Amino acid sequence: MAEEAGMFMIHQTIGSVLCCKCGIPMQPNAANMCVKCLRSEVDITEGLLKRLVLVHCPECESYLQPPRSWVKLHLESKELLTFCLKKLQKNLSSNKVRMVHAEFIWTEPHSKRIKVNVKVQKEVLNGAILEQSYTVEYFQQEHMSQSCSRVQANPHQWVAAVQLRQHVSHRRTFFYLEQMILKHGAAASAIRIKQMDQGIDFFFSNRSHGVKFVNFVGKVAPVRSRHDKQLVSHDPKSNNYNYKYTFSVEISPICREDIICLHPKVAVSLGNLGPLVICTKVTNNIALLDPFTLRHCFLDADQYWRTSFKSLLTSRQLVEYIVLDVEAVSSEVTIGGTKYVLADAQMARVSDFGKNGTIFSIRTHLGHLLSPGDYALGYDLYRANSNDIELDKYRGLVLPDAILIKKSYEEKRQKKRGKPRSWKLKSLDMEVDDNKGRVEQNKMNSEYEQFLKDLEENPDMRFNISLYRNKEYQPSEIASVTAGEELPSVALEELLADLDLEDEDDEDDMTE
């Protein structure tokens with residue numbers, strides 16, 4: 001029945017008429033004219049704005065939104081397209097034209113021109129709808145914003161200062177924090193950066209920039225902060241006040257690889273963890289690990305500053321050991337993306353090896369990494385003279401002879417000493433005190449070299465920073481090593497190309 005019903009279906013056809021001007025057949029419309037003739041008779045873009053001016057600040061790459069606000073917009077972004085089209089809305093409405101589509105037309109970035117192709121519709125003769133496209137050209141008129149002009153007039157005239165401090169004897173945290181700031185462009189609006197004894201000072205021309213930077217630091221490190229303001233000037237007629245704002249930001253002194261003795265109350269609140277624990281990672285949380293049981297916990301900034309404990313020993317006090325024997329006592333456990341295995345190990349200090357028969361038997365969490373004959377770095381509690389107040393609160397606590405922290409590759413690195421790495425890091429444009437003595441400078445260079453080694457050994461540290469290819473590196477310089485002597489290194493896939501326009505121009509000249 002369905003097939004029989006289909007035989008009697010009536011197909012409706014649309015008739016065609018002749019255009020009243022050129023006579024070609026066409027589908028009928030209200031004007032009885034074809035599209036070509038209709039466009040020749042009516043131009044719906046007549047009276048529409050086709051040239052406009054955008055006030056642009058070349059320093060901060062922002063555009064003036066009348067009367068006084070500035071908006072930062074990137075070329076060919078959706079936000080910039082919306083900003084440009086808003087300037088046409090009033091003109092389109094007054095001409096009873098409706099916009100249906102808009103897109104950028106590519107122009108040279110240095111041409112100071114922005115072109116937008118706009119498609120509009122309008123009702124014309126006898127109710128016919130005509131659609132037409134036209135190009136709107138925007139001219140960038142360079143004019144500095146108020147904040148940028150003030151900075152140019154006096155580069156050292158700051159409104160907000162952020163003082164980052166960490167009360168420790170090394171700068172490892174600031175080396176890492178510098179790379180985080182560079183990757184995320186957190187200090188792009190800073191007008192001045194100055195290196196200080198135990199930190200860095202950042203100066204901004206706007207209070208909101210300082211607040212934004214403080215919030216960024218709070219997301220990548222456990223900090224506490226306070227702020228003050230100082231009156232600079234006051235206009236009683238207009239009731240305007242000008243202040244200078246200072247943000248004091250203190251970073252937790254707990255660093256990765258530090259060993260900590262927890263306060264008894266803190267240990268109880270953490271489920272009787274420890275009391276001796278290792279700091280394995282520091283972000284906006286502090287990760288603590290018990291190396292004898294593999295129990296762990298995470299403390300956020302608020303939890304830490306309520307107790308604000310300090311380190312028992314820091315990475316500057318690490319001692320090198322040689323591993324004589326290792327026997328695993330647990331299966332592999334993954335904590336925070338890192339693998340651990342409990343093991344009983346016998347080892348001796350490298351400084352004593354071959355001189356005396358002192359051998360230590362300890363338990364370690366590095367059973368998956370260590371083998372007999374390997375070197376490891378750890379804390380020598382056997383000879384340590386610790387006056388920590390928290391240790392005295394644990395009566396009858398028996399300290400281990402040593403606590404291992406990580407595997408050491410220093411012996412194997414001797415073969416590659418002095419040869420450049422395949423990667424490099426960028427640095428902040430920072431004012432450095434040139435009056436430092438040679439001892440201080442050598443200390444900082446040594447700490448920076450240790451930071452680079454930590455990056456090679458720890459992929460988790462490299463995850464949040466940008467590494468770039470080193471042009472001075474020659475693959476042929478790789479030292480030949482035997483099997484089993486491979487050193488931790490950075491894979492080429494992790495490296496970014498360091499853009500250098502001058503080098504690209506030279507290459508183009510060579511090809512021509």
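The values are calculated or read from the model by the stated rules, or taken from the named source; none is laboratory data. Everything numeric in this text was worked out from a predicted model, so none of it was measured. Cβ atoms come from the backbone with ideal geometry, glycine included; neighbour counts cover every protein chain shown. Accessible surface areas use protein heavy atoms only, side chains included; no ligands, DNA or RNA. Shrake-Rupley method; radii C 1.70, N 1.55, O 1.52, S 1.80 Å.
May I ask you to derive the FRET efficiency for Glu493 and Asn215 from their Cβ-Cβ distance with R0 = 22 Å, giving the value to the nearest 0.05? The computed FRET efficiency comes out at 0.10. The 3J(HN,Hα) values that the Karplus relation (6.51, -1.76, 1.60; θ = phi - 60°) gives for the stretch 76-90 are, in residue order, 6, 8, 4, 5, 5, 5, 4, 4, 5, 6, 4, 6, 9, 4, 5 Hz. Gly and Pro appear as x.
Which chymotrypsin sites (Phe, Trp or Tyr not before Pro) from the stretch 28-106 combine a DSSP loop assignment with at most 10 other Cβ atoms within 10 Å? Before the final figure, lay out the partial values.
Values: sites: Tyr63, Trp70, Phe83, Phe104, Trp106; in loops: Trp106.
Here the sparse-neighbourhood loop sites are Trp106.
Dipole orientation for the chain: of the candidates Val439, Ser225, Leu495, Ser225 has the Cα lying most toward the positive pole (charges on Cβ; Lys, Arg +1; Asp, Glu -1).
Within the stretch 344-416, list the trypsin sites (Lys or Arg not before Pro) lying in a DSSP loop whose Cβ has at most 10 other Cβ atoms in a 10 Å radius.
Numbers: sites: Arg349, Lys355, Arg363, Arg383, Lys393, Arg395, Lys406, Lys407, Lys412, Arg413, Lys415, Lys416; in loops: Lys355, Arg383, Lys393, Arg395.
Sparse-neighbourhood loop trypsin sites (Lys or Arg not before Pro): Lys355, Arg383, Arg395.
When both the stretch 318-345 and the stretch 221-274 are represented by their alpha-carbon centers, they are found 36 Å apart. A Förster radius of 51 Å combined with the Cβ-Cβ distance from Lys96 to Ala188 puts the calculated FRET efficiency at roughly 0.70.
For the chain, the share of accessible area belonging to carbon and sulfur comes to 49 percent (1.4 Å probe, ligands and nucleic acids excluded).
Placing a pseudo-label 7 Å from each Cα along the Cα-to-Cβ vector at Asn470 and Lys310 gives an inter-label distance of 3.7 nm. Given the options His296, Ser269, Tyr241, identify the residue whose Cα lies farthest towards the positive end of the charge dipole of the stretch 158-299 (+1 on Cβ of Lys, Arg; -1 on Cβ of Asp, Glu). So the residue furthest toward the plus end is Tyr241. Computed extension length for Ser371-Asp228: 46.0 nm, one decimal, from 0.36 nm per residue of separation with the Cα-Cα distance subtracted.
What percent does the relative contact order of the chain come to when contacts are Cα pairs within less than 8 Å and at least six residues apart?
Answer for the chain is 9 percent.
Here's how it looks for Asp258: its modeled amide H is under 5 Å from those of Cys279, which are all 5 or more places away or on a different chain. Across the chain, the fraction of Cα-Cα pairs farther apart than 46 Å, rounded to a whole number, is 40%.
Per-residue ellipticity at 222 nm computed for the chain from its helices equals -7000 deg cm²/dmol, with DSSP H segments shorter than 4 residues left out and the rest contributing -39,500 (n - 2.57).
For GluC sites (Glu not before Pro), the sites in the stretch 285-343 that DSSP calls loop and that have at most 16 other Cβ atoms within 10 Å are Glu332. With the simple model of a label 7 Å out from the Cα in the direction of the Cβ, Thr283 to Asn442 spans 3.9 nm. What the stretch 48-198 shows is 57 Å² of accessible area per residue, with the surface traced by a 1.4 Å probe over protein heavy atoms. Under the simplified labelling scheme, the Lys87-Ser351 pair shows an inter-label distance of 7.1 nm, with each label point 7 Å from Cα along Cα→Cβ.
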